[in-house]
1. Given the criterion over 30 Å from residue 88 (Cα atoms) and β-branched (Val, Ile, Thr), identify the matching residue among 206, 152.
2. Mind checking which residues of the stretch 44-56 are open to solvent by less than 30 Å² (accessible area, probe 1.4 Å), in contact (Cβ under 8 Å) with a residue 24 or more places away in the chain and not acidic (Asp, Glu)?
3. So which residues in the stretch 206-225 are open to solvent by less than 60 Å² (accessible area, probe 1.4 Å), more than 22 Å from residue 36 (Cα to Cα) and outside any loop (DSSP other than H, G, I, E, B), if there are any at all?
4. Being part of a loop (DSSP other than H, G, I, E, B) and open to solvent by less than 10 Å² (accessible area, probe 1.4 Å): is that true of residue 36 here?
5. Can you name every residue in the stretch 57-82 that is of a type in the set (Lys, Arg) and surrounded by fewer than 16 Cβ atoms within 10 Å (Cβ to Cβ)?
6. Give the stretch 200-216 a look and list any residue that's of a type in the set (Ser, Thr, Tyr) and either within 21 Å of residue 16 (Cβ to Cβ) or touching an Asp or Glu at 6+ places or on another chain (Cβ under 6 Å) (or both), or say none.
7. For the stretch 139-175, name all the residues that are in a helix (DSSP H, G or I), open to solvent by 70 Å² or more (accessible area, probe 1.4 Å) and polar (S, T, N, Q).
8. When the stretch 22-32 is examined, which residues are found to be without any contact (Cβ under 8 Å) to a residue 60 or more places away in the chain and surrounded by 15 or more Cβ atoms within 10 Å (Cβ to Cβ)?
Amino acid sequence: MNICIIPARGGSKRIPRKNVNLFCGKPMIEWAIAAAQSTGIFERIIVSTDDVEIAETALTLGIEAPFKRPAYLSDDFATSIDVMAHAVITLGLDNDSAVCCLYATAPFLQPEKVAIGPEKLNHADFAMSVTSYAFPIQRALRAKSSDQIEMINPEQFKTRSQDLEECFHDAGQFYWAKASSWAAGKSIFDWKVVGIPLPRSRVQDIDTPEDWERAETMFRTLGLG
């Protein structure tokens, strides 16, 4: 069984009410729900929230809100691992269920990429969305002082960029694991993890109002809304 759980708390600080604010004309969470529904692979799509408005929005859009997330998992210190462990245990999911943690604030989701997850769990414990860095991180700079910068890895100064290993970062869109792995509550990287690469054009963190404006511009430019 494939299960989708969408964590969506009500108390976002940097962008108040982020999960239900209108993004390109729809509540932000609606884009994530639509992507999950479009995959066609989920037997259940569930929102984990502490917020009445978010729960009602989810129900209106045809997904479940079967429990209220406790306050201790709804503050700034609760991790996605904690929230997912609570959800799979509360729901009593079978240990072998493939469970996707899909972020409510990921309007650039590609259903076909999300749907790859279950097959990845045949040879890994976790599968997560990643994207490549636009510039080789081996040639990154840092501030040495207020008026001087330096290379973090100066030995790479003469290495051609095309000879450097391609590196990736968390795309912050979705994560797959068996219910038993989520319930264990351990760090994702305590397990065998594989990446599901996404194009950089479909990845944008939305943590500040400036991020939000940039994301809406990108979204419209890509013809997604």
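The values are calculated or read from the model by the stated rules, or taken from the named source; none is laboratory data. Predicted model only: the values in this text are computed from it and were never measured. Cβ coordinates were reconstructed from backbone atoms using ideal geometry, including for glycine residues, and neighbour counts include every protein chain displayed. Calculation scope for accessible area: heavy atoms of the full protein, side chains included, ligands and nucleic acids excluded. Shrake-Rupley method; radii C 1.70, N 1.55, O 1.52, S 1.80 Å.
1. 152
2. Residues satisfying the conditions are 45, 46, 47, 48, 49, 54.
3. The answer is 211, and nothing else.
4. no
5. 68
6. Residue satisfying the conditions is 208 alone.
7. If the condition is that a residue be in a helix (DSSP H, G or I), open to solvent by 70 Å² or more (accessible area, probe 1.4 Å) and polar (S, T, N, Q), then 162 is the only one that fits.
8. Of everything in the stretch 22-32, those that are without any contact (Cβ under 8 Å) to a residue 60 or more places away in the chain and surrounded by 15 or more Cβ atoms within 10 Å (Cβ to Cβ) turn out to be 27, 30.
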